[in-house]
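Working notes, beginning with the structure itself.
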Amino acid sequence: MSLEIVILAAGKGKRMRSERAKVLHDLGGQPLLHHVLATATELQPTAIHVVYGHGGDAVTAAFADAPVHWVRQTQQKGTGHALRQALPFIDPNSRVLVMYGDIPLVRAATLRPLCDAKLNLSILTATIKDASGYGRIIRDLSGAVSGIVEQRDASTEQLAIREINTGFMAASAGALSAWLQKIGNDNIQGEYYLTDVIACAAQAGEIISDVKASRPYETLGVNSNAELAMMERLLQRRRVKQLLNDGVTVRDPMRLDIRGECTIGADCVVDINVLLEGEVRIGRRVSIGANSIVRNSVIGDDVEILEHCVIDGAEISDGCRVGPFARLRPDTVLHERARVGNFVEVKKSTLGTDSKANHLAYVGDATLGRDVNIGAGVITCNYDGSNKHQTLIGDAAFIGSNAQLVAPVTIGTKVTVGAGSTITGNVPDDALAVTRARQRTIRGWKRPQKK
Ligand code: UD1
Ligand code: CA
């Protein structure tokens, strides 16, 4: 039997108190719906249908490239009503897995038993300490599931039940469609509850298979900012655990955040308060110092990132050393063993093999050959107030401290630029260029006296 998945994501998420659709709220650097879609894809269904509504086009736009079938639920009349919108597009002979767009941490392995179950209807339940807000599982005297009652419709006795409806359910499409025709909206919220399908099936004599989640935390939903924050910690813990298993030393697992997708090789050491954001690829034996941020960057092997660096959109080759207090902006490329030291900003520039800018410099729109030395206080003046211009520096050039290179300008190989020079014209290979005034020394100089 083929598998089709429906993700319900049309709700307003009232309790978030936000203008933004709930499923677009960020968890671990990605929208909630991204996590659910990733898990759905892992289950390899023949189709994924996403029911959207609140937030409308913003939701579809955020996932423009996702291979999903969008179904619009114009009015949010409940989860049962939402599923009903998708059913006409589903092969009646297939099995349908229902997922909720606000439950981001569930793993494919947890859902697989529901998809594979032979019975017409199977649900995933979990037993948790504080069940408030969730639908409770009702069982008959024999222990079989006979229904689900929502928090707001539950009696005091029912509220004491700690076994909850996680929201995940799988059923044969044909049967599901028939049960959905029968449910009404006679409840406190006036909504068509998908959960009423359970009692409906039970009354028709169906045996409902119930699978218990072995790790209840992964079935928890995000309904408020407080829950979102808690879920963020759970997700970060899961990500760090994976890194530890992969051979990475994380000085304090509570003080590393990964917002996005990142791979880190074995024998890397990550110090405290590090943030890895976007797409980050890090090789082996790399160390990342405390309080550093690495965003959308690729880092080779044996690289040392010292404390307090901000690295964004950079490509750093093997053996480089960056920081402390360095800022690499997008399109920075560091070739092997290049060094960028404290208070150096690099933007849209390439530093060749073994080149260094160790202190207090700005390198922007520049291409440096190998073995170039950029002294303290050097500035590539790349902007004339209207346009950006390039600076080219040949191999083994030595740019003295506090020099300004006014772009566009080309400095040849093995050039020496004297400290404090303002270079406005090209310098040929092997030359010395100095523009500062010659020093005058007046012996025995008497300072003026105060009157
Ligand atoms: C729902 C379940 C509850 C379960 C809990 C698990 C129902 C009636 N209740 O409650 O038993 O314990 O999830 O987290 O199903 N949605 C739509 N269209 C709508 C309404 C909701 O697409 O008209 C979507 C929402 O975007 C959300 C999901 O369905 O992703 C669940 O809706 P929500 O309002 O969060 O239901 P809960 O009150 O959490
Ligand atoms: Ca919910």
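The P(r) of the chain has a tail past 29 Å containing 60 percent of all C-alpha pairs.
Could you give the length gained by full extension between GLU315 and GLN439, i.e. 0.36 nm per residue of separation minus their alpha carbon distance, to one decimal place? Could the numbers behind the result be given before it?
Working: separation 124, 0.36 × 124 = 44.64 nm, distance 4.25 nm.
Length gained between GLU315 and GLN439: 40.4 nm.
Once you have a ≥ b ≥ c as the square roots of the Cα gyration tensor eigenvalues for region 11-95, tell me rounded if a/c is under 1.5, and otherwise prolate or oblate according to whether a/b is larger than b/c. It comes out oblate by the Cα gyration axes.
Projecting the Cα atoms of GLN449, GLY364, ASN402 onto the dipole axis of region 346-451, where Lys and Arg carry +1 and Asp and Glu carry -1 at the beta carbon, places GLN449 farthest toward the positive end.
Rounded, prolate or oblate: which fits region 291-361 when a ≥ b ≥ c are the square roots of the eigenvalues of the alpha-carbon gyration tensor, with rounded for a/c under 1.5 and prolate only if a/b beats b/c?
It comes out rounded by the Cα gyration axes.
What a 1.4 Å probe finds exposed on region 215-352 is 46% carbon and sulfur by accessible area, rounded to a whole percent. A simple spin-label model places the labels of LYS12 and ASP246 4.1 nm from each other, with each point 7 Å out along Cα-to-Cβ.
Tell me the per residue accessible area of region 164-298 using a 1.4 Å probe; a whole number in Å² is fine.
That works out to 45 Å² per residue.
Spin-label model, ASP57 to LYS118: label points 7 Å out along the Cα-to-beta-carbon direction sit 5.1 nm apart.
Extension gain for ALA178-THR41 works out to 46.6 nm (0.36 nm per residue, less the C-alpha to C-alpha distance).
List the relative contact order of region 3-219 as a percent without decimals, with contacts defined as Cα pairs under 8 Å and 6+ residues apart.
About 24 percent, as a whole number.
Please give me the summed charge of the neighbours of GLY143: other residues whose Cβ is under 14 Å from its Cβ, Lys and Arg +1, Asp and Glu -1. That sum, taken over residues with Cβ under 14 Å, equals -1. Within the shell defined by Cβ-Cβ distances under 13 Å, the residues around LEU194 carry a net charge of 0, with Lys and Arg each +1 and Asp and Glu each -1.
With a Förster radius of 60 Å applied to the C-beta separation of ARG233 and LYS451, the computed FRET efficiency comes to 0.30. Taking Lys and Arg as +1 and Asp and Glu as -1, the other residues whose beta-carbon sits under 15 Å from that of ARG329 total -1. Two numbers describe the Cα atoms of region 225-433: Rg and Dmax, which are 18.9, 65 Å. Note on region 63-124: Cα-Cα pairs beyond 15 Å make up 64% of the total pair count.
The relative contact order of region 326-422, computed from alpha carbon pairs under 8 Å that lie at least 6 residues apart in sequence, is 19 percent.
Checking every one of the trypsin sites (Lys or Arg not before Pro) in region 32-111 against DSSP loop status and a limit of 14 other Cβ atoms within 10 Å picks out ARG107. The simple Förster model, with R0 at 25 Å and r as the Cβ-Cβ distance, assigns ASP429 and HIS389 a FRET efficiency of 0.75. Beyond 26 Å in Cα-Cα separation lie the following of the pairs LYS22/LYS118; LYS22/LYS182; LYS347/LYS414; LYS77/LYS212; LYS129/LYS212; LYS356/LYS414: LYS22/LYS118; LYS22/LYS182; LYS77/LYS212.
Apply 1/(1 + (r/R0)^6) to the Cβ-Cβ distance of PHE343 and SER214, taking R0 = 60 Å, and write down the FRET efficiency to the nearest 0.05.
0.70
Per-residue ellipticity at 222 nm, computed for the chain from helices alone with -39500 (n - 2.57) per DSSP H run of at least four residues, works out to -5000 deg cm²/dmol. For region 102-176, the square roots a ≥ b ≥ c of the C-alpha gyration tensor eigenvalues yield an a/c of 1.5 or more together with a/b not exceeding b/c, which makes the shape oblate. Projecting the Cα atoms of GLY53, VAL427, MET16 onto the charge dipole of the chain (Cβ charges, centred on the Cα centre) puts VAL427 farthest toward the positive pole. Across region 3-219, the fraction of Cα-Cα pairs farther apart than 23 Å, rounded to a whole number, is 43%.
The values are calculated or read from the model by the stated rules, or taken from the named source; none is laboratory data. Note that the coordinates shown come from a computational prediction; the quantities given were computed from them, not determined experimentally. Ideal geometry is used to build each Cβ from the backbone, glycine not excepted, and the neighbour counts take in all protein chains shown. Keep in mind that these areas ignore ligands, DNA and RNA; they rest on the heavy atoms of the full protein, side chains included. Shrake-Rupley method; radii C 1.70, N 1.55, O 1.52, S 1.80 Å.
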